[in-house]
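Accompanying notes for the structure given below.
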Amino acid sequence: EQLIDALLTLAESEQASARRAHLDLGNVAARVLDGRTAEIEGSGLRLDASLEPTAATGDPRLVERLLDNLVDNAIRHNEHRGWIQVSTRGGAVSVANGGAPISAEELEQIKQPFSRGAGERPGRADGYGLGLSIVQAIAAAHGAVISVSAPGDGGLRVEVQFPPDSPRAESGD
């Protein structure tokens with residue numbers, strides 16, 4: 001069921017979404033983090049969230065899925081007693097996490113569908129390697145620019161920069 005859901009989301013997000021609304025990425029990120037608090041704490045991870053109001057336009061369900069996938073990846077591909085940083089500002093959302101260092105080759109590999117990377121946390125072999133592919137497809141459907149980097153001391157940082165807010169969208173959150 002999870003694989004089918006992920007594939008359906010991937011297919012839907014690769015098509016231009018007709019449902020657009022004004023969004024506050026800070027509010028969307030807060031909702032996602034509220035729903036994942038128990039899992040984050042249960043994994044022994046420290047969360048640092050800096051959620052400024054930041055306007056964007058997009059399909060509310062897909063943008064929430066984008067953020068949920070980024071947070072899920074940050075939990076899944078972390079280290080014991082690691083950290084997660086989530087921030088929103090200037091039309092962008094950024095999710096970073098601690099973890100093992102990632103080589104340039106691995107960084108390119110994890111951007112591909114069905115690739116789960118070599119740094120899986122012990123006991124977390126679930127997942128299908130579609131999380132970042134879904135994020136990329138949703139970002140592309142919204143005209144957003146995604147950047148993925150691997151800091152030298154380990155972990156991953158993903159930033160999604162949405163285009164300037166469009167005044168023609170429906171009103172929404």
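The values are calculated or read from the model by the stated rules, or taken from the named source; none is laboratory data. Being a predicted model, the structure only gives us computed values, none of them experimental. Note that we place each Cβ from the backbone using ideal geometry, even for glycine, and neighbour counts take in every protein chain shown.
The table below gives the values:
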| read-out | value |
| --- | --- |
| Evaluation of residue 53 against (1) surrounded by fewer than 16 Cβ atoms within 10 Å (Cβ to Cβ); (2) assigned to a helix (DSSP H, G or I) (one fails), failing number | (2) |
| Meets criteria (in contact with a strand residue (DSSP E or B) (Cβ under 6 Å, 6 or more places away or on another chain), without any contact (Cβ under 8 Å) to a residue 60 or more places away in the chain and more than 14 Å from residue 144 (Cβ to Cβ)) for residue 75 | no |
| Of all residues making up region 27-48, the number that are surrounded by 14 or more Cβ atoms within 10 Å (Cβ to Cβ), in contact with a strand residue (DSSP E or B) (Cβ under 7 Å, 6 or more places away or on another chain) and under 30 Å from residue 101 (Cβ atoms) | 5 |
| Selected residue (only one of 71, 86, 95, 63 is more than 13 Å from residue 40 (Cβ to Cβ) and either surrounded by fewer than 23 Cβ atoms within 10 Å (Cβ to Cβ) or under 15 Å from the mean Cα position of the chain (by Cα) (or both)) | 63 |
| Residue 10 within 24 Å of residue 97 (Cα to Cα), assigned to a helix (DSSP H, G or I) and at pLDDT 60 or above | no |
| Boolean, residue 59 is modelled with pLDDT of 90 or more and farther than 13 Å from residue 160 by Cα | no |
| The listed residue being of a type in the set (S, T, N, Q) and either over 28 Å from residue 53 (Cα atoms) or modelled with pLDDT of 95 or more (or both), out of 109, 136 | 109 |
